[in-house]
Amino acid sequence: MPRRNGSGSRSRSRILVWIVTPAVALLLGVLGGVGVASIINMPQVESLSDFNPGVITRLFDRNGEVFATYAKEKRVLIDEGAVPPLLQNAILAAEDSNFFQHGGIDAEGVLRAMTQNLRQGRLAMGGSTITMQLARQLYLTPKKTWQRKAEEALLAVELEKTFSKQQILTLYCNLIFMGHGNYGMESASRAYFGKTVQDVDLAEAAVLAGIPQRPSVYSAYKNPELVITRRDYVLRRMMEEGYITEQEYQETVSQPLLVVPNRKKDLRAPYFAEEVRRYLESTYGAKGLLEQGLQVDTTLDPDIQSAAHAALEQGLVRLDHRRGWRGALHHVDIEELESYELPSWRAVELTAGKWYEALVMNVSARGAEIRIGETVLQLRPEGMKWTRHQDPRKVLEPGDVVWVRLETAEDEAGSPPEIVHLEQEPELEGAAIVLESSTGAVRAMVGGWDFDRSSFNRATQARRQVGSAFKVFVFGAALETGFTPADTIFDAPTVFPGANNLPSYSPRNFYRQYYGITTLRRALEKSMNVCSAKLMDIVGVERTIDFARRCGIRSDLPPYPSLALGAASLIPLELAGAYSAIANQGVYLEPYLIETVRTPDGQELENHLPRAHKAMEPEIAFVLGHILEGVVDRGTAARVAHLDLDLAGKTGTTDDYIDAWFVGYTPTYTILTWVGYDVNRSIGKNMTGAAAALPIWQSIVESGLEDGWIAAGSSFVRPPAVVEMQVEYLTGLLPGPGAQKVISEAFVSGTEPARQFDQESLRILQLPWYQQRPFYLPKVGERMPDDVDDWSLVQESWTEEK
């Protein structure tokens, strides 16, 4: 026992020496003031006048709402002197009650800390003032040593001599780490409470003031009980300091801890944001992006983006369902079913339309019992009928982890959703773009199924063959050379020189049918391959390429006959921009995503200036667009003909159904949709642009009509140099006796037809193509079937295609 007492006495003596001696040295150092500071190699605090802490770069949509942020440290600055009194009082009560009385070091606080440290036998309490904490944050390391304490004190004195109390307090509030990646009180207030520091109440101010002591511990999401304890301590200190009454204290400590859910932000525009981020980093550098707090106004429309995102998601799921069920994500041992917890279930809340990972508990012929967190749901056969299995036991087994989608959410009484759907992530990818035709502003951009799965932006980075969507440039060039929609061309097997300069290239129509004498309108509406290749051959590949270039196409365009059928690989945004030139009466505006870039104090760094040029005459654009209206009215896009507004566009399908496109426009927007795999493979039999891409496009337009961002009943404006007149559809001639199908056709003024329809013309068109040949006079340079003496090379290529 005496030994033990002696040991304890010696231990306390060592503690006294360890704590008191350095503390006395610290006080002596303070008395030394500037003289000591000049001896020690200390940083010059005057440089703090030019100090700019890194702040958050924010991307704003066109409504002024933030939809993405980038920062090394998530920080939003409070202006000098703008710390609200409620928060200021909470901070002073928690951290430094004598802040406005001391000169950087609080002797009373130091002695109090010494006493506490003596009692606990360790360096438990630091006695640091707010100014000392700021000095540590700016210049020192967090490591607890007596040398750091001395330096901290000396720097605090210098800071107090150089800056006002409000400047010091504001700097503290802007720099202090607040947990979960947040730096500064303002960033933390927005993250935890969804409001600025100016709007926090007493309880929230106490929570914020209590966090800096141990931000990793005082987390409302990890340790809410500890946060409440710390909050109540701050409130008690505020009462002791006279900032609040006892009644306010009692009322506030009885309140629960209310913070906004700590869930991943449901970012509906990750590909758009990433495109902007890449530009900002390349222009301003990584430091500029992450630390300068750039304020970026973008062209993004959240309503249009939401519509495009939902349409692509639903479209890809629909197409993926056609390929059948591929199986569960993974499997859990039966013994673990009751206790197993998936990481995605943490703080899960069931919401209609959302996908959730679910654990299959039981399976019977009547369905499956599944669990999401603590909620048990029934997955009935109708929720999995797309798998083509009548018996759920052939699809699922206990222990399977699968995706499910909820059709209705929990009601206020906590009842589970009524309908649950089995889902699987599509392997297919896709892209959707919405451009404002008159400005070039990108209002929506979806670059794939899921940004987390693949950040590759198929809207701006993928190069894909565009198929028949390229034909619009062939027909545009033809109109410029004097062709009209009513002019005819002969649709029949024809041979062109291939890449080897031999007569080996002979395009075939999609359904292997040929129509003989055909108007240009009908050839484009029905997407006849032979007519497009012949038309480019007549007009000239150079003129076709030139027309495409004027429309904004920058990718390589191989000067071969296959170009007419879309053999070129283009970027989706590039193609959308080209179609928008047609929609915009022949004026091309380069697509853009950024309106302005500003510094945090409002200084403008850049402001978008339109990059525009004339791609074609307005009358050419209108006539070409009028033919594309026929694609919707009678052609490959007829499934959207019922929509209540003018629409124009073109489908695109590549060989073996590898790529599916639809590019079209309303009087206001140009919209593109693409579907395909990242690695070339068939989407599926008969998965044309009309079958795979057009339904997604249709869904976007229908959402626009329903939500009002597309005006119902809107129509295209006809320029003065265009006349519209009635013609017989099959022949392009003026209506005459016996004309069965009459349409309104657009012509550049002075190019209208003069010949009238007659029954003989109709009888000729009803003959097989080879019997129509004697009645057709070829255009200058038009290749005809009877020009070919040797079909052997062509037959070999057709055999290889099979």
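Sparsely packed loop sites in the stretch 421-508 (the trypsin sites (Lys or Arg not before Pro) outside DSSP H, G, I, E and B with at most 10 other Cβ atoms within 10 Å) comprise Arg453.
Using a probe radius of 1.4 Å on heavy atoms only, what accessible surface per residue do you get for the stretch 621-703? Whole Å² is fine. Don't jump to the answer; show the numbers that get you there.
Values: 2340 Å² over 83 residues.
Ligands and nucleic acids excluded, the figure is 28 Å² per residue.
Considering helices alone, the calculated mean residue ellipticity of the chain at 222 nm is -11000 deg cm²/dmol, with DSSP H runs of length four and up weighted by -39500 (n - 2.57) and normalised per residue. When the chain is described by a simple charge dipole with +1 on each Lys and Arg Cβ and -1 on each Asp and Glu Cβ, the residue from Val723, Gly708, Ala486 located farthest towards its positive end is Gly708. As a rough guide to protection, the peptides 573-585, 305-317 ranked by mean Cβ packing within 10 Å, highest first, stand as 573-585, 305-317.
Probing with 1.4 Å while keeping every protein chain in the model, the per residue accessible area of the stretch 305-373 equals 51 Å². When a 1.4 Å probe is rolled over the protein heavy atoms, the share of accessible surface on the chain that falls to carbon and sulfur comes to 49 percent.
Identify which of the listed values of percent of Cα pairs over 42 Å apart was calculated from the structure shown: (i) 31; (ii) 54; (iii) 51. Computing percent of Cα pairs over 42 Å apart and matching it to (i) 31; (ii) 54; (iii) 51 gives (iii). Between Glu335 and Asp391, the simple spin-label model (points 7 angstrom out along Cα→Cβ) gives 2.9 nm.
Which entries of Lys222/Lys287; Lys526/Lys779; Lys74/Lys354 have Cα-Cα distances beyond 25 Å here?
Values: Lys222/Lys287 32 Å; Lys526/Lys779 21 Å; Lys74/Lys354 28 Å.
Lys222/Lys287; Lys74/Lys354, as the Cα separations exceed 25 Å there.
The local environment of Lys72, defined by Cβ-Cβ distances under 10 Å, has a net charge of +1 under the rule Lys, Arg +1 and Asp, Glu -1. Measuring nothing but how far apart in sequence close Cα pairs (under 8 Å, 6+ apart) lie, relative to its length, the chain scores a relative contact order of 10 percent.
The Cα center of the stretch 158-199 and the Cα center of the stretch 605-625 differ in position by 49 Å. Shape analysis of the stretch 486-547 places it in the oblate category; the axes a ≥ b ≥ c from the Cα gyration tensor give an a/c of at least 1.5, with a/b not above b/c. Which FRET efficiency value, to the nearest 0.05, is calculated for Thr596 and Thr196 with the Förster distance at 30 angstrom and r the Cβ-Cβ distance? Once the sixth-power term is evaluated, E becomes 0.85. Label separation (Arg323 vs Val376): 3.6 nm, computed from points 7 Å beyond Cα along the C-beta direction. Approximating the spin labels as points 7 Å out from Cα along Cα→Cβ, the Ala721-to-Glu427 distance works out to 5.2 nm.
Judged by the mean number of other Cβ atoms found within 10 Å, the most tightly packed of the peptides 769-782, 185-198 leads the ranking 185-198, 769-782. Applying 1/(1 + (r/R0)^6) with R0 = 22 Å to the Cβ-Cβ distance of Ser555 and Asp656 gives a FRET efficiency near 0.55. Residues with beta-carbon under 11 Å from that of Ile244, excluding Ile244: net charge, scoring Lys, Arg +1 and Asp, Glu -1? Cβ neighbours under 11 Å give a net charge of -3.
Report the local net charge at Leu134: Lys and Arg +1, Asp and Glu -1, summed over other residues whose C-beta lies under 12 Å from its C-beta.
Values: positive: Arg136, Lys165; negative: Glu95, Asp96, Glu152, Glu158, Glu160.
Surrounding charge for Leu134 is -3.
Compared with the direct C-alpha span, the chain from Thr408 to Glu760 gains 120.5 nm at full extension, assuming 0.36 nm per residue. Peptides 557-563, 728-734 ranked from most to least packed, by the mean per-residue count of other Cβ atoms within 10 Å: 728-734, 557-563.
Would you mind getting me the FRET efficiency between Glu706 and Asn98? Use the beta-carbon distance for r and R0 = 41 Å, nearest 0.05. The formula returns an efficiency of 0.05 here. Our estimate of slack between Glu349 and Lys779, defined as 0.36 nm per intervening residue step minus the Cα-Cα distance, is 148.0 nm. The residues of the stretch 404-548 present an accessible area of 33 Å² per residue when probed at 1.4 Å with all protein chains retained.
The values are calculated or read from the model by the stated rules, or taken from the named source; none is laboratory data. All values reported here derive from a predicted model rather than from experimental measurement. FYI the Cβ positions are ideal-geometry reconstructions off the backbone, even for glycines, and counts take in every protein chain you see. SASA here: full protein model, heavy atoms, side chains in, ligands and nucleic acids out. Shrake-Rupley method; radii C 1.70, N 1.55, O 1.52, S 1.80 Å.
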